Amino acid sequence: MTISQEQREFFTQKNPAEEFDTITFNHPEFKAPLRLVLNQFRSLVFAGNEFIPVAAKIKLPDQGADLMPKLSLQFSRIHVGDEFKKIINSITPFGWQEPISMIYEQYNELSMNKPVNRYSLYVSEDGVRFNRSTIQVTACDDNPMVLSKPRNTESNPIYTLEEYRGLANA
């Protein structure tokens, strides 16, 4: 079956609908999730949630079977960045035992209620870096707070509250 020139042009063109990149940060110690829409000038609503506009650079995870998905985000400290720093600093030391969940979703004009792409990632304590003008966030696919299963349970015991009651005070 041959393809006509019109069909070839149709299948090679990008969707003309505008695309929106959104990031949602959440943690049990946050009062509310922090929702950002990247590189927009006004607040937008996606799936019933309002997202704050922020100028940002984003590097999406590389595609491949043997790569660990890693997303890098850099945005300005002006407006949202200082608020983000206050939220991060409000996490207690023991609160960092649970990572910040970060959800990247991409919407377009045609589907403002259902994302086209979605990544669910985790940000560890060392995945957030502040400098004078920017904030850099690095998130990866694996939860940094989940410990690997020990190979030898006698030499690497799993500490439980039943056996080690002092852990409850930590």
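Could you give the nm distance between label points at Thr12 and Ser43, where each point is 7 Å from its Cα heading toward the beta carbon?
4.4
Report, by chain and number, residues whose modeled amide H sits under 5 Å from the one on Val116, excluding near sequence neighbours (fewer than 5 apart, same chain).
Counting only residues 5 or more places away or on other chains, the set is Gln106, Tyr107, Asn108.
Computed FRET efficiency, Cβ-Cβ of Ile58 and Phe94, R0 35 Å: what is it to the nearest 0.05?
For Ile58 and Phe94, the calculated efficiency is 0.70.
With a 1.4 Å probe and every protein chain kept in, tell me what percent of the accessible surface of the range 15-145 is carbon plus sulfur.
On the way: 3850 of 7810 Å².
The C+S portion of the solvent-accessible surface of the range 15-145 is 49 percent.
For the range 1-40, what is the accessible area per residue in Å² when the probe is 1.4 Å?
Values: 2920 Å² over 40 residues.
Result: 73 Å² per residue.
Using 0.36 nm per residue, how much length does the chain from Asn113 to Phe30 gain when fully extended, once their Cα-Cα distance is taken away?
So the extension gain works out to 27.5 nm.
The values are calculated or read from the model by the stated rules, or taken from the named source; none is laboratory data. Bear in mind the structure is a predicted one, so any value in this text is a computation, not a measurement. Neighbour counts are summed over all protein chains in view; Cβ atoms, including those assigned to glycine, are modelled from backbone coordinates with ideal geometry. Surface areas here come from the heavy atoms of the whole protein model, side chains and all, with no ligands, DNA or RNA. Shrake-Rupley method; radii C 1.70, N 1.55, O 1.52, S 1.80 Å.
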